[in-house]
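Right, one structure below, let's go through it.
Read the figures in this text as sums done on the coordinates, not as results from a lab. Please read these numbers as outputs of a predicted model, since none were measured by experiment. Because the Cβ atoms are built from the backbone with ideal geometry, glycine has one as well, and the counts that use them run over all protein chains shown.
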Amino acid sequence: TGLQNPTANSIDTLSQHFPLCMQHLHRTLRANSHLKHFGRLQYTLFLKGIGLSLEECLIFWRRSFKLITDEKFNKEYRYNVRHAYGDVGGDANRRGRGYTPYSCQKLTTEPLPGPGQTHGCPYRTFAPDNLIGMLQSVGVGDRELLKDVREDVKRQRYHIACNRVFEHGHRVQLKRVKDEALWGAAELDTILHPNEYFKRSFLLGH
Ligand code: SF4
C-alpha cells in the first residue's frame, strides 16, 4: 500500500490517515453500505486526490454498496463517479480532468447537510458533544486537547481544531521532522485541505 498506488482494497487501511471529514464518510459508508449524493461526491473527489484511479474507485464503490445489484449500480452510481473523474460529461475544460477535490474552505462554508446527509466538515456540522464523542471513537481522547477543540469550534475556528488534532496525533513524528529539519516551512504550515492532511499523515506514519 503506497501513496502512489492506492487500490480499492487499501482504502480501509489508509482511512486511519484520513481527516475527520473523510473518516466520517468512510465509517458511514461501511456502517450503511451506502452514502448520499453529496457525501459520495465529496468522498470520490478526495479518493481521486489521494491517487485512486477511476477503475479502482469504481471497484471501491461497487463493493461498498453491498446491498444493490450491479444493474442498479451501473444505472444510478457509475456515471457520477466517472463524471467526477472527468471521464464523461462536463464542459471541454473539465473533460479528462473532472472536478477538483474540495478544500477545507469549501467544506466549512458550504450549505449545512440535511437530515441523513454526512458531507461537510464535522468540526462545523456536528453539535459539540457529538463531535467530542466522534473524536473519542476514533481514538482522540486527551482531555486538554478536547477542551481546546471545544473552544475552537465555539469560535468557528474549525480548521484550527482539525490542525490541533492532527498535531497532537502526530506530535512525536512532527518533533522529529522539526528537530532534524526534514520538512520545510510549507510542509509544516497550517493544513487547509483534506488531501494535504492525508498526505502528511501518511508520510509521517505511526
Ligand atoms: Fe476535513 Fe478540513 Fe474539516 Fe479537517 S478542517 S475535518 S480536513 S474539512
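Observations, loosely collected:
- Within the stretch 91-113, residues that are over 19 Å from A127 (Cα atoms) have Cβ atoms under 8 Å from residues that are assigned to a loop (DSSP other than H, G, I, E, B) and within 11 Å of the ligand (Cβ to nearest atom) in these pairs: P101/H193; S103/L192; S103/H193; Q105/L192, counting only partners at least 6 apart in sequence or on another chain.
- Count - residues of the stretch 184-206 that are assigned to a helix (DSSP H, G or I), in contact (Cβ under 8 Å) with a residue 12 or more places away in the chain and farther than 20 Å from P6 by Cβ: 2
- Screening the candidates T28, T44 for the property of being buried (at least 21 other Cβ atoms within 10 Å of the Cβ), part of a helix (DSSP H, G or I), in contact (Cβ under 8 Å) with a residue 24 or more places away in the chain and within 16 Å of the chain's Cα centre (by Cα) yields one hit, T44.
A quick yes/no check of all residues on (1) hydroxyl-bearing (S, T, Y); (2) surrounded by fewer than 17 Cβ atoms within 10 Å (Cβ to Cβ):
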{"position": "R95", "(1), (2)": "no, yes"}
{"position": "P101", "(1), (2)": "no, no"}
{"position": "P111", "(1), (2)": "no, yes"}
{"position": "G120", "(1), (2)": "no, no"}
{"position": "Y123", "(1), (2)": "yes, no"}
{"position": "G139", "(1), (2)": "no, yes"}
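- Subset of the stretch 1-25 that is free of Cβ contacts under 8 Å to residues at least 40 places away in the same chain and part of a loop (DSSP other than H, G, I, E, B) - its residue that is nearest to G49 (Cα to Cα): G2
- Residue match in the stretch 101-114 (condition: under 21 Å from the mean Cα position of the chain (by Cα), assigned to a helix (DSSP H, G or I), closer than 28 Å to G51 by Cα and among the aliphatic types (A, V, I, L, M)): yes
- Qualifying residue in the stretch 69-91 (condition: hydroxyl-bearing (S, T, Y), surrounded by 16 or more Cβ atoms within 10 Å (Cβ to Cβ) and within 16 Å of the ligand (Cβ to nearest atom)): no
- Among residues of the stretch 114-153, those that are in contact (Cβ under 8 Å) with a residue 40 or more places away in the chain and within 19 Å of E167 (Cα to Cα), counted: 6
- Of all residues making up the stretch 112-134, the number that are within 18 Å of L35 (Cα to Cα) and either more than 14 Å from the ligand (Cβ to nearest atom) or acidic (D, E) (or both): 4
- Some residue of the stretch 53-68 being among the small types (G, A, S), within 18 Å of the chain's Cα centre (by Cα) and in a helix (DSSP H, G or I): yes
- For the criterion of being away from the ligand (no atom under 16 Å from the Cβ), touching a Gly at 6+ places or on another chain (Cβ under 8 Å) and not small (G, A, S), R94 passes.
- Screening T13 with (1) in contact with a helix residue (DSSP H, G or I) (Cβ under 9 Å, 6 or more places away or on another chain); (2) under 27 Å from L203 (Cβ atoms) gives one miss only, at (1).
- Unique match (being over 19 Å from the mean Cα position of the chain (by Cα), in a loop (DSSP other than H, G, I, E, B) and either crowded, with 17+ Cβ neighbours inside 10 Å or touching a residue at least 12 places away in the same chain (Cβ under 8 Å) (or both)) among Q156, Q173: Q156
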